[in-house]
1. Could you list, in sequence order, all residues of the stretch 69-95 that are in a helix (DSSP H, G or I), at pLDDT below 85 and touching a Pro at 6+ places or on another chain (Cβ under 9 Å)?
2. Can you tell me which residue is farthest from residue 16 (Cα to Cα) among those in the stretch 62-117 that are within 23 Å of the chain's Cα centre (by Cα), open to solvent by less than 20 Å² (accessible area, probe 1.4 Å) and of a type in the set (Ser, Thr, Tyr)?
3. With the structure loaded, tell me whether residue 287 is modelled with pLDDT of 90 or more, open to solvent by 20 Å² or more (accessible area, probe 1.4 Å), not acidic (Asp, Glu) and not in a loop (DSSP other than H, G, I, E, B) or whether it fails that test.
4. Residue 120: open to solvent by less than 50 Å² (accessible area, probe 1.4 Å) and touching a helix residue (DSSP H, G or I) at 6+ places or on another chain (Cβ under 7 Å), yes or no?
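The values are calculated or read from the model by the stated rules, or taken from the named source; none is laboratory data. What you are looking at is a predicted structure, and each value in this text was computed from that prediction instead of being measured. Here the Cβ positions follow ideal geometry from the backbone for every residue, glycine too, while neighbour counts run over all protein chains shown. Heads up: the accessible areas ignore ligands, DNA and RNA and are worked out on the full protein's heavy atoms, side chains in. Shrake-Rupley method; radii C 1.70, N 1.55, O 1.52, S 1.80 Å.
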Amino acid sequence: MLFKIFNYPNTIIASYLLRNLIVFLFAISFVIGLLVFGNQFVLTVQESVDHGIPIMELLPLIGYNMLRDIPIILALSLFLSIIISISQLYKNSEAVVMNSIGLGERNFISFIQPIVILLFIVIFCLTIFAVPWAKQQKSLAEDQTVNASEFSFITEGRFESFKDGEIVFYAADSLITNTGGEQNMEEIFIYSSGNGKPIIVLASEAKKYMDDQSKSVYLRLKDGTRYEGLPGSKNINILNFDLYDLEIISGEVQKSINNFSEIEEMSSIDLLSQNSLLANAEMQWRFSQPISILLLSVFGVFLGKSSPRTGKGINLLIGIVVFMLYNNGLLVAKNSIETGQLSPIIGMWSIHLFLFLVLVVFYHFREGNFSYFFDKISFLNNRKKNHV
């Protein structure tokens, strides 16, 4: 009944192509997923060891990251599986026989439409509903544990850098007092650069805290000495202090990151009510991933066409390059919208439109529809015309 609604040709050839496509789709998705999620698991275990966090508390973060990455993994897997399936038909000369009885690329697009439509619906539901929920739950889980970013607690016995390496900090001993961002440390060493001069600060105690108004993160040093200049030089300044506050993380930077996180975690319904550049960019990004499924599936059919003499894997390599350029183009457009360099009206729709135009031109070029127009251009046609 569903095949009749979509006018799907339920033939032996269509079933054969669809069956091969599903097999390749599962195989490629498994391999890519294993690489991505395996890498995330290794990084999570390393984070657990470095920060002393039980691995069981970090396992939910892996699950949320998996749900976040599934749409792009499915899109890439479907694109590559279509190229391989169609290319295999040409390699085995099966597509040549199909072409001889009138089955071409348009028929192949019709044959694969059930799996394409199914994945379109799945990715649409994931990007619009599931992925924002996963990001929100991940943020809540990170708030309950120790975040591994530079806004987290400082690890004792390790040199850590802040403000892009401008400040290097070391604490011999550390004690977490609560989960609100406060931390007590002892035997402090700090190196920073100010006004072109190196600054070294030694203190017996330090307390890390966050200012409620500015949201900046400070170190409150106690009973220490501040050296400005290199030791042994004539222009060195030495200052003994009882209390000294040093900003290690700017509140503006943290607010900017929080704004991006809040937009990404916001539900699609709430996002539609927003009128900011960040909201526009995020909403376009969510719609772009299911749209890319439709465009890439057609492109995959075109790239799958090859001859037995073509080198193995060349179409697959071209497909990977196309996917990278397409995906990076969407990311660049998203960043341009967020920074105000690109109008949301143009936005990511221009990237989809460009790929669609490439598909149209590529199809008509393969069909030889441009040769008539080329013949009408005088400087491209140097053949002498004979008049009787």
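1. The answer is 90, 91.
2. Of everything passing the filter in the stretch 62-117, 77 is farthest from residue 16 (Cα to Cα).
3. The answer is yes for residue 287.
4. no
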